[in-house]
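The values are calculated or read from the model by the stated rules, or taken from the named source; none is laboratory data. What you see is a predicted model; the values in this text were computed from it and never measured. In this analysis, Cβ positions are derived from the backbone assuming ideal geometry, glycine residues included, and neighbour counts consider all displayed protein chains.
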Amino acid sequence: MRYYILFANYEQGLALRDILLQDNVPNRIAPAPRAIQGDLSCGMSLLIEPEHLDAAKRSIEAHHAAYHRIASLEGQIRPNRDQYC
């Protein structure tokens, strides 16, 4: 299971990334999967591993950080996707 934090715009995403890094919460910038993006025009998300989700939520709450929602998806990362032989 992967957790994606979605945003209305990339400025919110970059601001939250800085906050999470400051609070030592591991995260990665990732494209927002189309399956959960909905009507948002911002294609950026922050990918949070399950073991860091609670820390991310605490950090968001403590800093009153702006975000749209946190969504979960299974099986979006395929480590062998670029292997052709």
Quiz prompt | Wholly enclosed strands (runs of 3 or more DSSP E) of segment 13-85 bearing at least 1 residues in contact with a helix residue (DSSP H, G or I) (Cβ under 8 Å, 6 or more places away or on another chain) and either modelled with pLDDT under 95 or among the polar types (S, T, N, Q) (or both) | solution = 44-48, 69-73
Practice problem: Considering only residues that are among the β-branched types (V, I, T) and either touching a residue at least 60 places away in the same chain (Cβ under 8 Å) or surrounded by fewer than 18 Cβ atoms within 10 Å (Cβ to Cβ) (or both), look in segment 20-44 and name the one that is farthest from H64 (Cα to Cα). | Solution: I36
Quiz prompt | segment 55-76 residues that are within 11 Å of L16 (Cα to Cα) and touching a residue at least 24 places away in the same chain (Cβ under 8 Å), paired with ones that are part of a helix (DSSP H, G or I) and among the acidic types (D, E) (beta carbon under 9 Å, 6 or more apart) | solution = A66/E11
